[in-house]
1. Could you work out how far helix 2-13 tilts from the main Cα principal axis of the chain, as a 0 to 90 degree angle to the nearest 10?
2. If you build the Cα gyration tensor of region 2-70 and take the root of 5 times each eigenvalue, what three semi-axes come out, in whole angstrom, biggest first?
3. For Asp63 and Ile27, calculate 0.36 nm times their separation in residues minus their Cα-Cα distance, and state this gained length in nm to one decimal.
4. Grab the Cα-Cα distance for Ser52 and Leu7, subtract it from 0.36 nm times how many residues apart they are, and report the gain in nm with one decimal.
5. Could you put Arg70, Arg2 in order, starting from the residue whose Cβ has the fewest other Cβ atoms within 10 Å?
6. Relative contact order for the chain: what percent, with Cα pairs under 8 Å and sequence separation of 6 or more?
7. What aspartates and glutamates does Lys9 reach when the alpha-carbon gap must be under 17 Å and sequence neighbours fewer than 8 apart in one chain are set aside?
Amino acid sequence: NRMIDTLWKAIRATISGPAYLVNQPKIISPLAKSHKDNPELTERFQVVIAGSELGNGYSEINDPQDQLDRF
């Protein structure tokens, strides 16, 4: 998981932006609710400009079993 997080941050740093990164992988967003159309993605977004994250938001998990399964 650390390798994927490191890779994600390296890629994000190359985005000149402004850009919205949406529906991020579940493995790097453990507290975000699963996307309804693809359970491997989450309902999360980030606003990135010049490689810097300026905003971050997500729908929180409201299913206790789903949350337990991720940890």
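Bear in mind these aren't lab numbers, they're just calculated from the coordinates by the rules spelled out. Just so you know, these numbers come straight off a predicted model, no measurement behind them. FYI the Cβ positions are ideal-geometry reconstructions off the backbone, even for glycines, and counts take in every protein chain you see.
1. The answer is roughly 40 degrees.
2. 23, 13, 9
3. Result: 11.2 nm gained on full extension.
4. Value of the extension gain: 14.7 nm.
5. Starting with the residue having the fewest Cβ neighbours, the order is Arg2, Arg70.
6. Answer for the chain is 30 percent.
7. Those aspartates and glutamates meeting the cut-off are Glu53.
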